[in-house]
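Enquirer: The structure is given below, and queries will be raised subsequently.
The values are calculated or read from the model by the stated rules, or taken from the named source; none is laboratory data. Keep in mind that this is a model prediction, so the values were computed, not measured. Methodologically, a virtual Cβ is constructed for each residue, glycine included, from the backbone with ideal geometry; neighbour enumeration extends over all protein chains shown. The protein model used for the area step is the full one, side chains on, heavy atoms only, and it has no ligands, DNA or RNA in it. Shrake-Rupley method; radii C 1.70, N 1.55, O 1.52, S 1.80 Å.
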Amino acid sequence: MTHSSAAYLIRGARIAGGDPADILIRDGAIAEIGTGLGAAGAAVVEADGLIALPGLVDLHTHLREPGREDAETVASGTRAAAAGGYTAVHAMANTDPVADTAGVVEQVWRLGRESGRCDVQPVGAVTRDLAGAQLAELGAMADSAAGVRVFSDDGHCVSDALLMRRALEYVKAFDGVVAQHAQEPRLTENAQMNEGVVSDRLGLAGWPAVAEEAVIARDCLLTEHVGSRLHVCHVSTKGSVQILRWAKSRGCDVTAEVTPHHLLLTDDLAESYDPVYKVNPPLRTAEDVQALREGLADGTIDCVATDHAPHPAEAKETEWATAAMGMLGLETALSVVQHTMVDTGLLDWAGLARRMSAEPARIGRLAGHGRPIAPGEPANVTLYDADTASDIDPAALASKSANTPFRGMRLPGSIQATFLRGVPTVLDGKIQ
Amino acid sequence: MRHLLSAGDLTRDEALLVLDTAAELAQVSGRSVKKLPTLRGRTVVNLFYEDSTRTRTSFELAAKRLSADVVNFSAKGSSVSKGESLKDTALTLQAMGADGVVVRHSASGAAHRLAEWVDGSVLNAGDGTHEHPTQALLDVYTMRERLGRLDGLRVAIVGDVLHSRVARSNVLLLHTLGAEVTLVAPPTLVPVSVHTWPCSVSYDLDAVLPKSDVVMLLRVQAERMHDAFFPTAREYSRRYGLDGERFARMQDDAIVMHPGPMVRGMEISAEVADSARSTVNEQVANGVSVRMAVLYLLLGGS
Amino acid sequence: MCAQSRAERDSDAPGGSAAERVPEPARTVLDGPEMQRALTRIAHEVLERTKGGADVTLLGIPSRGVPLAARLAERIERVEGRTVPQGSLDITMYRDDLRLAPARALGRTEIPPEGVDGRLVVLVDDVLFSGRTVRAALDALNDIGRPRAVQLAILVDRGHRELPIRADYVGKNLPTSLRETVTVQLSEYDGTDAVLLGPAKPRAGAESPAAEEA
């Protein structure tokens, strides 16, 4: 981390998949873009054949600190983020203690700044202790040094309609957004996986699609009614995509995210009863996967968010029902999105950049991220080799945990470099 | 096959082999020396995370009749109740040299998980709401003994299908063996995707009864009414219980089965349970023969 | 759980080698009429040796010992004018080589209603080879009851014993090499009666089940 004032000349990168160009980075910003740029005093990064993307932004990351440092820490999580091409992540509030006060969000924010590898923007809890009963001090978190704008009880649904209405109204005061984990609790008591053919066969309690869709529909109508801003976390069903499309067509100010795993994996993976495939919301059907891809392509779903959820080995090496829910995501996200969206022709690289950088930064009101690669902009840049492929090896991941559902899968692409305000956090494929 | 985890894993030939083997082994129970030397020197562990004296005793007897060493490892009072994980328990059994592990667990898929962690054979003795393959095998064995055939046999399975591992295993096995299964339950107690199962479904017991060769009653927990699966035990009993009047409308040679333990009054009236056409006690006896067959076929060879 | 079919069993082969095959250029060493005569002779010998055979029970060892026992019973009945109790005794669960192959399907055990206690049990099998099948049969019999005496009737004795066991009645003594196979064909199973001797095929895994039943 000693190169903060160094200059870098990235040579021959295809910016958002366009024609090869040179990018000169100096003093943390993009100084110049052109062809045949001189390298006076700058370290040269050969990027022939690589794609330059604006540094990726994740709206949905579990860094586990404070409380579950055995699974992940801000330090290890931000290493994983950098390795995945991310320059900013939103750290979810379900830590221990819960990020429901200005004190906790500032602690997480500071840990992120100290890590230096990736900006950490804390998400504040909507309700105290995520209990769904009483609003947390949303204003205090917004006004804190962390400047929280995204509020979420993620892991729990703000299921009380009145409380949800109040939260949506209240965050208007500071341009906040409520990121809802849409899950009707009574319909999903003890739920283990997507309710359908596979759950019925495996004898695992079902998590019906309607439990997500009903909450999304309600929240869209509430948002419209109070004129606020709603973000829907990890959309997982075809019906949810349809409801979002309808809500957007009515002018509702709703945005939505989809996870890489919901773009690729299906519920039949549970046949092995290996809880590495246990996640909330659960993996759905191939039909849902297709609808999510189409929704992401046509903008109904605004962005990709990882829901990176590290768990220690003992939380997954159990019977399915007792295992923790969640999957790693940061280090494989770009590869999965290339595989599911770009290689299938549904998105071009510019479209991918919008959904993995610009949109999440805009939704999170995160200044200095998600900006185009253009002169004068902060030098948050990811260099990506889309032409390689490799087998995912959990042991090779930077995360402290290994619960990746993509283990052993062959996925395209590799992150060659990540620059955070001109400082390489990854260079030559190695975390700096 | 190394393990018996699901009744659906059995091909028709394999299932028939189990039944035929069981029929031969049933003779052993009638001899003065009720023992075969076949599994001498082999160790079978009964790993029971749920109380089930009936099933555990049946497996224990089956293993002992084949001369295996049997270790009962119940969750109560062992390291399991002190929070030891299933995986650690599995590794302990592995270290003890268990050739076969018979596992009963409240979590669906526990037997599958165990099979990944031990070298020996795993026999699923009931996992959560998933499957109970030896129960299905003994049920099917009992049907064949009583009625002489399985192909085309019309079997009604009545009760809480949704939460029943017995129903899941029976549907799969009976289908494999050519029987025609009809599930009978209130709509709340059948899985949402039941239309994809190899059976038909009816909400009307009275319509199905006269067309059934076998009526299998499943245990229904009265507590289910608290989750609104049905309004009251009385209403359930009125619509889906097998009382004397319904019994009288069954075919003359049709049999009544129950995996036990029975809730008399709610699922089945006492007069039906005790009638000569009830196979409840035969099922228990046949359970030992069928489990001997499975243990032999899994552990008896190389 | 895939069990071997019964016809593949060859427990009596020395060294536990299983599943000998029908050799292509096999030579008939006992044809149908010769087999009939051998069985008739054995039937008479049984009657002589057992002084009329009043307490004899014939138990065939599956699979080909069973029809042979039935044929002997029929011959004895023809001579004596009364029925002889006969049945079958499966030895699978008593084999000493179970661990060497996948679990095998069981043959039938059918003990006549008289039981075996106090009876003179004549075990009947097609080929006597290592003697291990007979050893298993004696163990199996022991768990069923306590016969007065046990004797052994065999269609072909091909030698190469590995246990101190001998037959009381032998249809044909057939000196063989260990490399040869003896195949007994019975009309009940094979549509014809014959004993064939051929060179052993190299053991090339489980092909179609051979008719051999040592």
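Each row is one residue, and each column tells you yes or no for (1) under 17 Å from residue A:370 (Cα atoms); (2) of a type in the set (A, V, I, L, M, F, W, C).
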residue	(1), (2)
A:7	no, yes
A:17	yes, no
A:30	yes, yes
A:38	no, no
A:42	no, yes
A:46	no, no
A:55	yes, no
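Enquirer: Looking for whichever is touching a residue at least 60 places away in the same chain (Cβ under 8 Å), in the same structural domain as residue A:347 (by TED's automatic domain parsing) and open to solvent by 10 Å² or more (accessible area, probe 1.4 Å) here; the options are A:253, A:274, A:267, A:298. Which one fits?
Expert: Values: A:253 fails: touching a residue at least 60 places away in the same chain (Cβ under 8 Å); A:274 fails: touching a residue at least 60 places away in the same chain (Cβ under 8 Å); A:298 fails: touching a residue at least 60 places away in the same chain (Cβ under 8 Å).
Going through A:253, A:274, A:267, A:298 in turn, the sole match is A:267.
Enquirer: Let me ask something additional. From the list B:54, B:40, exactly one residue is of a type in the set (Lys, Arg), in contact with a helix residue (DSSP H, G or I) (Cβ under 9 Å, 6 or more places away or on another chain) and more than 8 Å from every other protein chain (Cβ to nearest Cβ). Which is it? Give the steps one after another, and end with the answer.
Expert: Values: B:40 fails: in contact with a helix residue (DSSP H, G or I) (Cβ under 9 Å, 6 or more places away or on another chain).
From the options B:54, B:40, the qualifying one is B:54.
Enquirer: Looking at (1) open to solvent by 20 Å² or more (accessible area, probe 1.4 Å); (2) more than 14 Å from every other protein chain (Cβ to nearest Cβ); (3) among the acidic types (Asp, Glu); (4) within 15 Å of residue C:61 (Cβ to Cβ), which is the only condition residue C:110 fails?
Expert: (2)
Enquirer: Related question: For residue C:167, only one of the following conditions fails: (1) part of a loop (DSSP other than H, G, I, E, B); (2) among the hydrophobic types (A, V, I, L, M, F, W, C); (3) more than 26 Å from residue C:47 (Cβ to Cβ). What is its number?
Expert: If we test residue C:167 against (1) part of a loop (DSSP other than H, G, I, E, B); (2) among the hydrophobic types (A, V, I, L, M, F, W, C); (3) more than 26 Å from residue C:47 (Cβ to Cβ), just (3) comes out false.
Enquirer: Need the failing condition index for residue A:262 against (1) touching a helix residue (DSSP H, G or I) at 6+ places or on another chain (Cβ under 6 Å); (2) surrounded by fewer than 17 Cβ atoms within 10 Å (Cβ to Cβ), just the number.
Expert: Tallying (1) touching a helix residue (DSSP H, G or I) at 6+ places or on another chain (Cβ under 6 Å); (2) surrounded by fewer than 17 Cβ atoms within 10 Å (Cβ to Cβ), residue A:262 fails exactly one: (2).
Enquirer: Please state which of the following conditions residue C:138 fails to meet, knowing it meets all the rest: (1) within 14 Å of chain B (Cβ to nearest Cβ); (2) within 30 Å of residue C:34 (Cα to Cα); (3) part of a loop (DSSP other than H, G, I, E, B); (4) open to solvent by 30 Å² or more (accessible area, probe 1.4 Å).
Expert: For residue C:138, the failing item is (3).
Enquirer: If you don't mind, another one. Any idea which of (1) in contact with a helix residue (DSSP H, G or I) (Cβ under 7 Å, 6 or more places away or on another chain); (2) assigned to a loop (DSSP other than H, G, I, E, B); (3) at the interface with chain A (Cβ under 10 Å from one of its Cβ atoms); (4) open to solvent by 30 Å² or more (accessible area, probe 1.4 Å) is the one residue B:108 doesn't satisfy?
Expert: (4)
Enquirer: Going through A:77, A:139, A:103 one at a time, which residue ends up being open to solvent by less than 10 Å² (accessible area, probe 1.4 Å) and in a helix (DSSP H, G or I)?
Expert: On the way: A:139 fails: open to solvent by less than 10 Å² (accessible area, probe 1.4 Å); A:103 fails: open to solvent by less than 10 Å² (accessible area, probe 1.4 Å).
After applying the criteria, what remains is A:77.
Enquirer: Can residue C:211 be described as under 15 Å from the mean Cα position of the chain (by Cα), under 23 Å from residue C:105 (Cα atoms) and at pLDDT below 90?
Expert: Working: under 15 Å from the mean Cα position of the chain (by Cα): yes; under 23 Å from residue C:105 (Cα atoms): yes; at pLDDT below 90: yes.
Against the criterion (under 15 Å from the mean Cα position of the chain (by Cα), under 23 Å from residue C:105 (Cα atoms) and at pLDDT below 90), residue C:211 qualifies.
Enquirer: Need the failing condition index for residue A:356 against (1) in a helix (DSSP H, G or I); (2) open to solvent by 30 Å² or more (accessible area, probe 1.4 Å), just the number.
Expert: Condition (2) is where residue A:356 drops out.
Enquirer: Separate question: Is there any pair with a first residue in segment B:189-207 that is more than 9 Å from chain A (Cβ to nearest Cβ) and on the phi < 0 side of the Ramachandran plot and a second that is among the hydroxyl-bearing types (Ser, Thr, Tyr) and surrounded by 14 or more Cβ atoms within 10 Å (Cβ to Cβ) whose Cβ atoms are under 6 Å apart and which are 6 or more apart or on different chains, and what are they?
Expert: As it stands, the answer is B:200/B:182; B:202/B:182; B:205/B:240, since those pairs meet every condition given.
Enquirer: Could you look through segment B:10-19, keep only residues that are touching a residue at least 12 places away in the same chain (Cβ under 8 Å) and either within 8 Å of another protein chain (Cβ to nearest Cβ) or not polar (S, T, N, Q) (or both), and pick out the one that is most open to solvent (accessible area, probe 1.4 Å)?
Expert: Here the residue is B:12.
Enquirer: Out of all the residues in segment B:258-302, which are away from every other protein chain (no Cβ under 14 Å), touching a helix residue (DSSP H, G or I) at 6+ places or on another chain (Cβ under 6 Å) and free of Cβ contacts under 8 Å to residues at least 12 places away in the same chain?
Expert: The one that is away from every other protein chain (no Cβ under 14 Å), touching a helix residue (DSSP H, G or I) at 6+ places or on another chain (Cβ under 6 Å) and free of Cβ contacts under 8 Å to residues at least 12 places away in the same chain: B:264.
Enquirer: For segment C:78-107, enumerate the residues that are open to solvent by 60 Å² or more (accessible area, probe 1.4 Å) and closer than 27 Å to residue C:52 by Cβ.
Expert: We begin by selecting, within segment C:78-107, every residue open to solvent by 60 Å² or more (accessible area, probe 1.4 Å); these are C:78-83, C:86, C:96, C:99-100.
Within segment C:78-107, C:78, C:79, C:80, C:81, C:82, C:83, C:86 meet the criteria.
Enquirer: Checking the condition open to solvent by 10 Å² or more (accessible area, probe 1.4 Å) and in a helix (DSSP H, G or I), which residue from A:365, A:293 passes? Spell out the reasoning first.
Expert: Numbers: A:365 fails: in a helix (DSSP H, G or I).
That would be A:293, the only listed residue that is open to solvent by 10 Å² or more (accessible area, probe 1.4 Å) and in a helix (DSSP H, G or I).
Enquirer: Scanning segment B:163-178 for residues that are surrounded by fewer than 24 Cβ atoms within 10 Å (Cβ to Cβ) and more than 17 Å from residue B:9 (Cβ to Cβ), which turns out farthest from the other protein chains (Cβ to nearest Cβ)?
Expert: In this case the residue turns out to be B:178.
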